[in-house]
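Working notes, structure below.
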Amino acid sequence: LLGGQAKAMVVTGSRLQAVRYKHSMDRYLQEKGVQDVHCLVAFSGEVKDDGVGYTEVELNQGIKESELPAKFASDAFQVLIVANKYQTGFDQPLLSAMYVDKRLAGIQAVQTLSRLNRTRRGKETTFVLDFVNRPEEIQAAFQDYYGTTSNADSVDPQSLYALQNELVDF
C-alpha cells in the first residue's frame, strides 16, 4: 500500500508476546531472505523469556524510546510490534495495517483501531486482521462513539449559496 511506504502495527497481549513476536518476525524475514521489511518493538521495562532479559532498546539495536516514533516514520522500518505502548495517541499517517492478537473492548478497542484513521494523500484503505476479538464486540465498542446526523429535510439551498459567498469574501 501507499507505493510501498505503508506501515503495519502488531498489537500483542503482553510484553512477553511482543518480545517473542519480534524474535519470530526477525527470524522469519531472515530465513525468507526478505531485506526490505524491518520491524521495531515497543514495550516498557525488561522482559525475561526463558531466563534471558530483553529491553526495547536492545531488541531495536540501540534505538532509544524517544527516537522510536521518528525511526518508525523513516523508510527503514515497516512494522511496529507493541504491547500497550503506541496503542493510543500515536499519530502515524502511513499506518495502514493492524494485526491484533489481544483482547480489545470499550474505549481501548476504539483508541487502538483508530490509529489507522490518520489521513494521508493516497491512503484509500486500511486492513485489520484480528485473531482474538469477535466483530460484534468491536462494533459494540464503537457504537458509543459513532452516530449520524442528518438534516437533509431542513436544508435551505439558498443558505448554501450564502455560505459560499461568505467563504469567497473571506
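Where a number appears in this text, it was derived from the coordinates with a stated rule and is not lab data. Values in this document were obtained by computation on a predicted structure and should not be read as measured data.
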| In terms of modelled amide H atoms, which long-range or inter-chain residues lie less than 5 Å from the amide H of Leu95? | Lys7
| query | What aspartates and glutamates could a cross-link reach from Lys22, if we take a straight Cα to Cα line under 19 Å and drop same-chain neighbours fewer than 8 places away? | reply | Glu31, Asp36, Glu46, Asp49, Asp50, Glu56, Glu58, Glu65, Glu67, Asp75, Asp101, Asp130
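Can you tell me how much longer the chain between Ala105 and Ala70 gets when fully stretched, taken as 0.36 nm per residue apart minus their C-alpha distance, in nm with one decimal? Intermediate results must be reported in sequence, preceding the final value.
Details: separation 35, 0.36 × 35 = 12.60 nm, distance 2.90 nm.
The Ala105-Ala70 span can extend by a further 9.7 nm.
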| remark: Where a ≥ b ≥ c are root eigenvalues of the Cα gyration tensor, a/c under 1.5 meaning rounded, otherwise prolate if a/b exceeds b/c and oblate otherwise, segment 1-130 counts as oblate
| request: Quick one: of Lys48/Lys85; Lys32/Lys64; Lys32/Lys123, which pairs are farther than 24 Å apart, Cα to Cα? | output: Lys32/Lys64; Lys32/Lys123
| task | Output the antiparallel fraction of DSSP beta bridges having both residues in the chain, as a percent to the nearest 5. | result | 20
| task | Would you please give the residues with an amide H less than 5 Å from that of Ala42, counting only those at least 5 places away or on a separate chain, with H modeled from the backbone geometry? | result | Ile81, Val82, Ala83
| query | Against the longest principal axis of the chain, how steep is helix 157-169, in degrees 0 to 90 to the nearest 10, with axes from Cα atoms? | reply | 70
| message | Whole-Hz ³J(HN,Hα) for each residue in segment 121-134, computed from phi via Karplus 6.51 cos²θ - 1.76 cosθ + 1.60 with θ = phi - 60°, x for glycine and proline: what do you get? | response | 4, x, 8, 10, 8, 10, 9, 10, 10, 10, 8, 10, 8, 8
| message | Can you list residues from other chains, or at least 5 along the same chain, whose modelled amide H is less than 5 Å from the amide H of Val100? | response | Val11, Leu129, Asp130, Phe131
| If you line up the long axis of helix 15-32 against the longest principal axis of the chain, both from Cα atoms, how many degrees apart are they, to the nearest 10? | 80
| When only C-alpha pairs under 8 Å and at least 6 residues apart count, what is the relative contact order of the chain, in percent? | 26
